[in-house]
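Structure first, then comments.
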Amino acid sequence: MSGDVAVAVYCSTQSQPVVNLSLLDCPGARVVNDKRGRFIEFAAANLFTGRFDNTAPAPYGFRVQVDPFVQVSPYSY
């Protein structure tokens, strides 16, 4: 697996995506379900020498949430 992540969010009335995000060589991701909601956090590239082991949150990257609304946002801990 290459580790590349692509997120494209489309609106039904537009042919081009509203959000078009690519993250190359992502070392890992984790699903979070807490008081903020349920979302996936994708770790930024070049943070780790190997794969992300999911024992602690990655220090920064981007977050994708789809319930109750679609939101793509950067994060840092």
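The values are calculated or read from the model by the stated rules, or taken from the named source; none is laboratory data. Here the structure is a predicted model, which is why all the values come from computation and not from measurement. FYI the Cβ positions are ideal-geometry reconstructions off the backbone, even for glycines, and counts take in every protein chain you see.
Side notes on the structure shown:
This table checks each residue for (1) surrounded by fewer than 12 Cβ atoms within 10 Å (Cβ to Cβ); (2) among the aliphatic types (A, V, I, L, M); (3) assigned to a loop (DSSP other than H, G, I, E, B).
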position	(1), (2), (3)
Ser12	yes, no, yes
Gln16	yes, no, yes
Ser22	yes, no, no
Asp25	yes, no, yes
Phe39	no, no, no
Phe42	no, no, no
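- Test for Arg51: is it among the basic types (Lys, Arg) and at pLDDT 85 or above: no
- Residue list for the range 27-41, filter: charged (D, E, K, R), touching a strand residue (DSSP E or B) at 6+ places or on another chain (Cβ under 9 Å) and more than 11 Å from Val64 (Cβ to Cβ): Arg30, Arg36
- If only residues of the range 54-77 that are under 21 Å from Cys11 (Cα atoms), touching a strand residue (DSSP E or B) at 6+ places or on another chain (Cβ under 8 Å) and assigned to a loop (DSSP other than H, G, I, E, B) are counted, the one that is modelled with the lowest pLDDT is Pro68.
- Sub-6 Å Cβ pairs linking a first residue in the range 17-33 that is free of Cβ contacts under 8 Å to residues at least 24 places away in the same chain to a second residue that is in a loop (DSSP other than H, G, I, E, B) and loosely packed, with under 15 Cβ neighbours inside 10 Å, at least 6 apart or interchain, are Pro17/Tyr10; Val18/Cys11; Leu24/Asp4, ordered by first then second residue.
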